[in-house]
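Participant: I'd like to ask some things about the structure below.
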Amino acid sequence: MCSEYAHFVDINDYPTEKWEEIFSKAHTIKEFLKNFRSNDFSEKVMATLFFENSTRTRLSFQSAMTTMAGDIIDLGEHSSINKGESLKDTIKMVAGYSDIIVIRHKYAGAAKVASMYATCPVINAGDGEHFHPTQTLTDLFTLSEEKHTFSNLTIGVCGDLKLGRTSHSLCRALSLYPNNHFVFIPCDGLEMPDDICDFILKHNCTYEVVKTIEEKIDTFDVLYMTRIQRERIEYNYDLKNFILTKQSLKTAKKDLLILHPLPRNEEISVEVDEDERAFYFKQATNGVYARISLIKMLLDHKEQTELFQGEVMALECNNRNCISRHEKYLPHYFVKTEKGFRCEYCDHINNGLD
Ligand code: NCD
């Protein structure tokens, strides 16, 4: 199945050169906007469809659009999805009202489904526990500004690595650069999924798993903190080893970059905000420039996009949170891999074991 438009559903939809082009433009735009206004997006309309909670992502997309003199239509909470309208019908209709669609949804693969039916570009603003590629653009843009490299880094990733979609997209992105080493510090029972670990190794990067932040903090160039996704899971384990404090930063490098996609819960004590290595609020601001640059790229280029690599099969994906389990009209696309059949909506490997 092919689409006539360029979409941004998975960070790995584009080669690293394309991301770097986005960052370089984002940097220029950031500098330019310090002194001038821009009307680059005038006469363009963005539809923001957020079926899950959002502060930063929704507002940074809206800010990106209005800063460039574009318009926004927002679905709000009272859409016809509540009347049983399918995602397909919603998207076909919204595409008639807009030039670009931004979607956040609770099911993995929802943005891909939107890209199947939209007659305009679609941006994935987070699909369930799957991916969050524009957060990764924000994270990498911050890295490019503060570290000037994406290679030879030791990256600590702490918190809910199982359900936190931002760490999935981040690891998949940084694995494409040479000599990166990931140190995972997952909260109990919230380990990084196998497919992400396999992806890291397949791309010749490495990872290890440790039990506390302090264990390896002295080796980190970047520390990526994440919160427990309590809206997806009930969680009552002790978090003491997974909280970043002033004390735990004692042995950290002077130029450590502390990142967090936000919102923060208890995983970073507020005292850390004063530390000059805390970059999470600057990171959130950078999200606007990274997104302006992405929107520009997608509005400027119309290109044929192949949406699926595999084939339609008479199988059902075993992931209960896969969009194909909830939107019944969807063809079931799978790719055969060594480990089983990979669902092309949510990337779950179906091997008969779950
Ligand atoms: C993240 C998300 O929605 O996945 N937030 C964001 O977009 N900045 C992280 C989170 O909610 O924990």
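The values are calculated or read from the model by the stated rules, or taken from the named source; none is laboratory data. Given the structure is predicted, the values throughout are model-derived calculations rather than measurements. With ideal geometry, Cβ positions are generated from the backbone for all residues, glycine too; neighbour counts draw on all protein chains shown.
Participant: Check segment 144-152 and report whether any residue there is crowded, with 24+ Cβ neighbours inside 10 Å, of a type outside the set (A, V, I, L, M, F, W, C), outside any loop (DSSP other than H, G, I, E, B) and modelled with pLDDT of 95 or more.
Facilitator: No, that holds for no residue.
Participant: Please count how many residues of segment 37-56 are without any contact (Cβ under 8 Å) to a residue 60 or more places away in the chain, within 22 Å of Leu87 (Cα to Cα) and not in a strand (DSSP E or B).
Facilitator: Result for segment 37-56: 1.
Participant: Sort through Ile228, Ile258, Ile292 and tell me the only one that's within 24 Å of Thr134 (Cα to Cα) and in a loop (DSSP other than H, G, I, E, B).
Facilitator: Just a single option satisfies the conditions, and that option is Ile228.
Participant: Determine if segment 98-108 includes at least one residue that is under 30 Å from Phe334 (Cα atoms) and among the polar types (S, T, N, Q).
Facilitator: Checked against the condition, which is being under 30 Å from Phe334 (Cα atoms) and among the polar types (S, T, N, Q), segment 98-108 yields no hits at all.
Participant: Tell me which residues, restricted to segment 220-277, are over 19 Å from the mean Cα position of the chain (by Cα), hydrophobic (A, V, I, L, M, F, W, C), within 16 Å of the ligand (Cβ to nearest atom) and within 26 Å of Leu140 (Cβ to Cβ).
Facilitator: Phe242, Ile243, Leu244, Ile268 - these are the residues of segment 220-277 that are over 19 Å from the mean Cα position of the chain (by Cα), hydrophobic (A, V, I, L, M, F, W, C), within 16 Å of the ligand (Cβ to nearest atom) and within 26 Å of Leu140 (Cβ to Cβ).
Participant: Taking the conditions exactly as written (at pLDDT 95 or above and either under 30 Å from Lys253 (Cβ atoms) or of a type in the set (Asp, Glu) (or both)), does Glu306 satisfy them or not?
Facilitator: no
Participant: For segment 154-169, indicate whether the set of residues that are within 22 Å of Phe281 (Cα to Cα), at pLDDT 95 or above, away from the ligand (no atom under 16 Å from the Cβ) and of a type outside the set (A, V, I, L, M, F, W, C) is non-empty.
Facilitator: Yes.
Participant: Looking at Asp89, Asp127 in this structure, which one is at pLDDT 95 or above and more than 12 Å from the ligand (Cβ to nearest atom)?
Facilitator: The conditions single out Asp89.
Participant: Something else now. Of everything in segment 48-80 that's among the β-branched types (Val, Ile, Thr) and more than 16 Å from the ligand (Cβ to nearest atom), which residue is farthest from Val94 (Cα to Cα)?
Facilitator: Ranking the candidates gives Thr67 first.
Participant: Anything in segment 177-192 that is surrounded by fewer than 21 Cβ atoms within 10 Å (Cβ to Cβ) and either assigned to a strand (DSSP E or B) or at pLDDT below 95 (or both)? List them, or say none.
Facilitator: His181
Participant: Hey, could you check segment 186-219 for residues that are within 16 Å of the ligand (Cβ to nearest atom) and hydrophobic (A, V, I, L, M, F, W, C) and say which is farthest from the chain's Cα centre (by Cα)?
Facilitator: Looking at the filtered set, the residue picked out is Cys187.
Participant: State whether the residues of segment 105-124 include one that is surrounded by fewer than 24 Cβ atoms within 10 Å (Cβ to Cβ) and within 12 Å of the ligand (Cβ to nearest atom).
Facilitator: yes
Participant: Being buried (at least 16 other Cβ atoms within 10 Å of the Cβ) and either in contact with a strand residue (DSSP E or B) (Cβ under 8 Å, 6 or more places away or on another chain) or under 13 Å from Ile101 (Cα atoms) (or both) is the filter here; which residues of segment 53-70 pass it?
Facilitator: Ser54, Thr57, Arg58, Phe61, Gln62, Met65, Gly70
Participant: Would you mind finding the one in Ala95, Ala173 that is surrounded by fewer than 24 Cβ atoms within 10 Å (Cβ to Cβ) and within 16 Å of the ligand (Cβ to nearest atom)?
Facilitator: Ala173
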